[in-house]
1. Whenever you get a sec, compute what percent of the accessible area on the chain sits on carbon and sulfur atoms (1.4 Å probe).
2. How high is the relative contact order of region 249-301? Use alpha-carbon pairs under 8 Å, at least six apart in sequence, and give a whole percent.
3. Per residue, what accessible area does the chain have, given a 1.4 Å probe and all protein chains present, in Å²?
4. How do Glu310, Glu366, Glu543, Glu629 rank by accessible surface area computed with a 1.4 Å probe, from largest to smallest?
5. Residue separation times 0.36 nm, minus the C-alpha to C-alpha distance between Thr89 and Ala510: what's the value?
6. Calculate for the chain the 222 nm mean residue ellipticity that helices alone would give, adding -39,500 (n - 2.57) per DSSP H run of length 4 or more and normalising by residue count, nearest 500 deg cm²/dmol.
7. If one computes the Cα centroid of region 131-182 and of region 238-298, what distance in Å separates the two points?
8. Tell me, what is the percent relative contact order of the chain, built from C-alpha pairs under 8 Å that lie six or more residues apart?
Amino acid sequence: MHLITNRLGRAASLIALAGLAACSSGDDGGTGPGPNPAIALTLSGTSATVTAGGTHDVTATLARSGGYTGAVTFTVDGAPAGVSGTVGTPSTSGTSTTATVTISVANTTTPGTYNLTVRAAGSGVSTATASFALTVQAAVTGSYTLAAAPAQVTVAQGAAGTTSVSITRTGGFSGSVALAVTGAPSGLTTAFAPASTTGASSTLTLTAAAGLAVGTHTLTIRGTAAGLPERTTTVQVSITAGGSGSNEVVLDLSTCPLRPTWFAVQNGTGPWSVVTPTNNVYRFTVSADRGGIAFPLGTTFIVQYMSRTELTHADSFFCGTLGQTKVVLGTVAGMGTNDFAQIWLGGGAGNASHPNTTFSITQVKEGSADLTGWRHNSLAEILGTPGNPDRGFIKRDQDIPNNGSVGVVDFEGPDSFTPATAAITVTGQQSETGLSHTMSYYTGAACHIGALYQSAAPTTTTMTARGFPASLQRASDFHQLTVSELAGAGTVPTGYTGSRLIQQSFRVLADRTVALPPALARPIVTTLAAPYRRLEATFTVPEPYQRLVSLSYNQTGSARTVAVNATTGWTAGGTFTLTMPDLSALAGWNPAWVPPTDATGTWAVMVNGNNLTGSSVCQEGAFIIQATELGTF
């Protein structure tokens, strides 16, 4: 097959060799040999991989010698069907001519490696050849977009800041995306973790040299993936004057939807102090390896004990809902009496129940996502009365504009399905406590949640779980089963006033045995002196947990709640004490934030653990465990 044809003659636009080789004579007057006309062909590369539907450029260079000036024709042998090429305008320099050869591969070209031979033939000279290996790979399906949150980062001189880069995948794209940054000034170091990923996110760390000038810079984050155009997003980095070097913590809440009205910090186990922000940026020093922050948020007063490193990411309390802005509407069909439906899209949730047929999904993330739904009849399950069976719904790759509609979610229509089922056997149950289970379904590279149902609470140890058939699943889809043991159902063991749960992630729904995690021993909870109700809890954390521990208490008849949390960066586990500090002497303190001294109510001590290798639960075999003890004050 002819890929390229180009004639080089004596026309002004082509090359004609000047300075032909001449005969030479020696000192003895003899005559030397005459010229030997010849041509030689070289290529700038000997191989290339091209995705079907793509192109590749290679430079062909023709060299003439021996005074040859004849016309030359280029041909290519071995090119597969669907491959074509063009030759750009030749460029001449000295005795050689170069031209750019553009190889175009059609979408229909069969993937494979093809050995091509480029030939240059002219009258009176031997044909010149060059080999070229063309590898055609299948066209990439789908695409992706990038977004940074927060999109504005403040970094002090000599310190570091981070932003999370989300990769939203559409159309089934699951390839690796490589990330890079351009536009960073000298003295600002950038690093991705990971730098290339098939997942849904990467963390960009920005480290400012101590001598970097104060100012604002716009950085471009670039994503490259084989077979797809480059994708970009931007992040603004504000460099501020350095404080106390690596001991300074900077929380930039300027772009967060929630901001505290009062904020206190603790360095190690030292005294608490109030921090006043500048333009919603909080700066404070933590010279110890751990510290704490305290602030009111709605009707809850939060105390968070963390390591110094963890404190630099504490803005997650306030910025966690960034990127969830859309509201999407729709209607349901195929619903009967007492049926309840949950509908999910892009991490946002909506619901409908018979006879109401309309719903709205709020907090929907931008980009394409899978629309999932589940019909469930709790009364029929609990009472054993007639009712519609569970039924699922899925519609892939939906990108609905804000206030747009998904149309009709019909639980008897072509996008609905009969659930798959599996037997769940539970071990480690306390005698006669109640068991329940819930099922969720996560879709897409972004691991968007879709809750399916919550079961009744039987006292038996075997339950039937329902989910998505394997035939409807994609590689990025995961089930998440939650099994809970609840005190208060049946005859509770003496002294057991708590609960336990375990969440397991897996792709394919199949029969499985679930072992409940260890129970939490009864903590010692006391009231400490203060002008408000101040509790302290001492307890031992079983080894499987030791991820996050908390003490929370709520005033009876009021929404006022206190939550005291500690991460593994603050405590190594074992037996320790969580205390609500006395903050009443600090400037700006408002006693209305917490229960008064004469308040009564309930408390809960909770311990958590998991085996996650990142923040996503979309991992085969991933689990999260939790145990709680309850009491009154």
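The values are calculated or read from the model by the stated rules, or taken from the named source; none is laboratory data. Treat the numbers as computed from the prediction; the structure is a model and nothing was measured. For neighbour counting, all protein chains shown are included, and Cβ atoms are generated from backbone atoms with ideal geometry for every residue, glycine included. Heavy atoms of the whole protein, side chains included, go into the accessibility calculation; ligands, DNA and RNA do not. Shrake-Rupley method; radii C 1.70, N 1.55, O 1.52, S 1.80 Å.
1. Details: 14350 of 27850 Å².
Solvent-exposed carbon and sulfur of the chain make up 52 percent of the total.
2. Working: 85 pairs, mean separation 22.7, N = 53.
Taking the mean separation of contacting Cα pairs over the length of region 249-301, I get 43 percent.
3. Working: 27850 Å² over 633 residues.
With all protein chains present, the chain gives 44 Å² per residue.
4. Details: Glu310 55, Glu366 105, Glu543 135, Glu629 5 Å².
Order by accessible area, largest first: Glu543, Glu366, Glu310, Glu629.
5. Details: separation 421, 0.36 × 421 = 151.56 nm, distance 6.35 nm.
Gain on extension, Thr89 to Ala510, equals 145.2 nm.
6. Numbers: 3 runs with 14 residues, N = 633.
Value at 222 nm, helices only: -500 deg cm²/dmol.
7. Distance between centres, Cα-based: 31 Å.
8. Numbers: 1653 pairs, mean separation 52.8, N = 633.
About 8 percent, as a whole number.
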